Amino acid sequence: MPRKKRTGLPASGGESSGTQEAGRGGGRGSQPPPQQQGAGGGGRGSQVGRGWGPQYHQGGRGGGSGSGRGRGAMPQQQQYGEALEYQGRGRGSSQQGSQGGYGGGSGRGGLSFSGPSRSPVPELHQAMPAPYQAGLTPQPMPSVPSSSSRLLEHSPSPVIPQMQQLTLHQEGSSSQASQILPPTSSKSLRFPLRPGKGTSGMRCIVKANHFFAELPDKDLHQYDVTITPEVSSRGVNRAVMEQLVRLYKESHLGKRLPAYDGRKSLYTAGPLPFMSKEFKITLIDEDEGAGGQRREREFRVVIKLAARADLHHLGLFLMGRQADAPQEALQVLDIVLRELPTTRYCPVGRSFYSPDLGRRQPLGEGLESWRGFYQSIRPTQMGLSLNIDMSSTAFIEPLPVTEFVAQLLNRDVSSRPLSDSDRIKIKKALRGVRVEVTHRGNMRRKYRISGLTSQTTQELTFPVDERGTLKSVVEYFNETYGFVIQHTQWPCLQVGNQQRPNYLPMEVCKIVEGQRYSKRLNERQITALLKVTCQRPREREYDIMQTVHHNAYHNDPYAKEFGIRISEKLASVEARILPAPWLKYHETGRERDCLPQVGQWNMMNKKMVNGGTVNTWICINFSRSVQDSVAGGFCSELAHMCHISGMAFNPQSVLPPISARPEQVERALKMRYHEAIQKLGQGRELDLLIVILPDNNGSLYGDLKRICETDLGLVSQCCLTKHVFKMSKQYLANVALKINVKVGGRNTVLVDALSRRIPLVSDRPTIIFGADVTHPHPGEDSSPSIAAVVASQDWPEITKYAGLVCAQAHRQELIQDLYKTWQDPARGTVSGGMIKELLISFRRATGQKPQRIVFYRDGVSEGQFYQVLLYELDAIRKACASLEPNYQPPVTFVVVQKRHHTRLFANSHNDPRSVDRSGNILPGTVVDSKICHPTEFDFYLCSHAGIQGTSRPAHYHVLWDENKFTADGLQLLTNNLCYTYARCTRSVSIVPPAYYAHLAAFRARFYMEPETSDSGSMTSGTAAGRGSMAGGGVARSTRGPGAGAAVRPLPALKENVKRVMFYC
């Protein structure tokens, strides 16, 4: 599969493109949901946090007794991403805000760190939770905890040296951004142990695509392999080793069958009869084919004993008696089990593909899909397990190049000459592709394409002798091979290196079979590939079982040699189905609360718990096929739907709908915006822009969002032409949900949140973060990665999230701007960053400072766990300490993974009580045994109902937990939050803060200027919008990872946009 991760925007509604109507839930629970408590009115205003600066009250434009829909005026001095004033229906009118945030008014709280800025191995201390009393500021936490709670016991110096109280640091212009370097050591770092297994929910049995693997009792040896001359191709290395084993297995290798990783390591079950030995191997170059002189290549191979691979420690780890997974031993077993499929199939990453494993399907533009399977050995509670899953990916069709070009351009290529854009498209698609020539009979010599010639074939000449006599390519092919070139107007393929280029006419070349297409697929190709990969659970399970039988591990000579035995049965695993939470809606609706059924519900008879206000709005139509009258009718229907859903929506727009041309998007938006502002008069703003887009709108959507959110400061709702004509009630209801949160409303709230019944969240002010980094598409080798962090801005409700985004170095996974300091000429060291700003805005919005932090981090692979935790937890710590001395709220850091290959199937596909309508396991299914980590705190949770295909459960792995969650506590919190996703009336597959961070990061990619989306320059930072680089000076990055890679900052979001869920 091409990386799903972060290249495409999920359909509205996450797992669904529209909310499916679900029958309303049956009987209510015995304990009726309590009345909604006021969220943001009186009561909180009187608290003044020590060192967090004074607060002031601000009046809204509406009363506080349930009907007020006013918005409080924003404070003048605002920091990036700070205050989120949310005031909708039923909210009290008083809001809190603290000028300057933590430490703002009292001149205290800003800290800098004494001592060297590059502490070699920082310590991360467990923060001790302080007893919470409502209305009181907690006592400062002890700065040095007991040694038992230290993370890095061997550290020579603490991460936070003696903190000196300095003058307040304010955000300001920077002359130089000096970044913290990440911690460098993971020694002594232990992820939390599992705090027991969960017990909540209804017990059941599910099957998992894990197959038990018996741990071998063989004596494994590792040998270093040196092949000279060195080649970069694993294929050539394997061919050399294959030849060596064929020739010398009996005579020199002690009859052992070794497993080879294709690079530098060879493994055997038992020792070879030497410590070091040199072999000479001759390979015949396959590039020449049968008809001519074949080139012989000689290689010198040295095999030298390196180490004994220790399986004893792997056994201890699986039994839970050793903390670290012995990666080397796991790697050996993985290599052994990959040896046979590598010779049979085409390996790609951890997967294997072949045209023999299923029907090839055309994807269009010269590509086809191949079926295959993923295979990986994993340590689990049941012992070693082989995880096997079905897979498909795109390959280049083995076509003649002329046919490939005709498919790529999707037209008859002989009818007109190639344009410049055609040439660019062909060059991009063919660069790096291997072709074989067809004009020399059996001599099918292979070449790799390096580019296209700038001249046409008929213009091309090359020297044929020392005197420089020129001959044309057309003449040469005719005289030498009797081949008449037809497409003389086309360029030639350039093969070989730039110094000695070879020219090959396209019509004598055919693409070599078995080349994976690794560049970005277009939308039609993605749709075609998804159709192939989308399988119902029953079919997928059957195919996985067939793959295991077909692979016949019991007959695999390598598995036999190493004593590895693989079960042929799917693992049966105990699971539990967590209950759905009660959801609160507005008191004025016919239904004030709701219990979702099978992961879904609907808005019938319900009103949003806090309806937002849209007094002033306009509509712009960019679709040719939609007349202004149709646009007007659509807007009226949408306004009516928003009104009956509980919003205060003025049915009359400021100006009538207007049509505009997509290529003039900027001019049209700005003109209409200024006309509307002029009509509204001084001091009044537009609340919403409704936009009608063509169904295929290219870059129009992204341009529009960039202009609205970073230039005009306007939230917008885009609607496609097909929906405007269809105008279904279901679609309008979904769009109303999105509009409500974009203008600061809330759609629903967990009843348990309002009644303060969520363990470790309701007892004291808690902020929940979501963070993600999206990387550029494959093939874009220089554009920046984009990090996004969102954080809840309401407590106890936890449904509103403010988001910040920043660009950072290409493919950098660590989030660079969580915390940063820079030097200001006037004020010295200034600190800032995304965490600090979101903590300040939580304080402004709620009047409380967070006393717990839950941080859901998306998109981190297992190999990066230590690195991400050390760097990002350290940044969270420093951000907190920079706000107030000894302010260290306890942190729980959870990684959310969707890109894994574990699938769960119902024990009986025919039992209607154990599957949903799509045949998938029921939403709320949680597994924390057998296939999970032997000792650490992780679980699989399928929180959503399937729609099509096989549901992929999310995998949650706790890397740090100072809040001491129980298994039930974290599993229930995570599952319940999945029902609060704003864009649809369904539970979603990953926890909403992580989902929102992904949406925000995806949105921010549109903010990059078109000419810079492929190449970055200048420095990263959300600071750009705050004036730190406003003078045009480029701040030099001194950060650790990715240092030296300068990145152009994103344009800053406008303040009023930042305060709402603009990314929904």
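Cross-link list 607/800; 425/738; 207/584; 264/898: which exceed 29 angstrom alpha carbon to alpha carbon?
Values: 607/800 17 Å; 425/738 38 Å; 207/584 35 Å; 264/898 32 Å.
Cα-Cα > 29 Å for 425/738; 207/584; 264/898; rest within.
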Distance between the C-alpha centers of segment 211-266 and segment 829-907? Whole Å please. 44
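For residue 448 and residue 907 in the same chain, what is the full-extension length gain: residue separation times 0.36 nm, less their Cα-Cα distance, in nm?
Details: separation 459, 0.36 × 459 = 165.24 nm, distance 4.98 nm.
In short, 160.3 nm is gained.
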Send over a whole-number figure in Å² for the accessible area per residue of segment 217-309, probe 1.4 Å. 56
Exceeding 22 Å between C-alpha atoms, which entries from my cross-link table qualify? They are 849/1058; 280/446; 820/1058. 280/446
Sticking with the crude label model, points 7 Å out along Cα→Cβ, report the distance from residue 300 to residue 428 in nm, one decimal please. 4.6
At what distance in nm do the modelled label points of residue 226 and residue 899 sit from each other, each positioned 7 Å from its Cα along Cα→Cβ? 3.6
Between segment 712-747 and segment 1044-1064, how many Å separate their Cα centres? 22
Over segment 742-784, with the other protein chains present, what is the accessible area per residue in square angstrom, probe 1.4 angstrom? 23
Which FRET efficiency value, to the nearest 0.05, do you get for residue 550 and residue 572 by plugging their Cβ-Cβ distance into 1/(1 + (r/R0)^6) with R0 = 30 Å? 0.85
Leaving ligands, DNA and RNA out of it, report the carbon-plus-sulfur percent of the accessible area of segment 611-745 at a 1.4 Å probe. 51
Students sometimes get this wrong: rank 604, 834, 275 by accessible area, probe 1.4 Å, all chains present, largest first. 275, 604, 834
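Compute the relative contact order of segment 221-347 as a whole-number percentage, counting only Cα pairs closer than 8 Å that sit 6 or more residues apart in sequence.
On the way: 171 pairs, mean separation 36.8, N = 127.
Relative contact order, segment 221-347: 29 percent.
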Computed label-point distance, nm, for sites residue 410 and residue 530 using a 7 Å Cα→Cβ extension: 1.8
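At a threshold of 8 angstrom on Cα-Cα distance, excluding pairs fewer than six apart, so keeping six or more, what relative contact order does segment 611-745 reach in percent? All intermediate terms of the calculation are to be shown ahead of the outcome.
Values: 203 pairs, mean separation 47.5, N = 135.
Relative contact order of segment 611-745: 35 percent.
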Under the classification rounded if a/c is under 1.5, otherwise prolate if a/b is larger than b/c and oblate if not, where does segment 921-991 fall, given a ≥ b ≥ c as square roots of the Cα gyration tensor eigenvalues? oblate
Which part of segment 238-273 falls in the paramagnetic zone of residue 217, meaning amide N under 19 Å from the point 7 Å along Cα-to-beta-carbon? 269-271
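The values are calculated or read from the model by the stated rules, or taken from the named source; none is laboratory data. None of these values were measured; they are calculated from a predicted model. So basically every Cβ, Gly included, is an ideal-geometry build from the backbone, and we count neighbours across all protein chains shown. All accessible areas refer to the heavy atoms of the entire protein, side chains included, with ligands and DNA or RNA removed. Shrake-Rupley method; radii C 1.70, N 1.55, O 1.52, S 1.80 Å.
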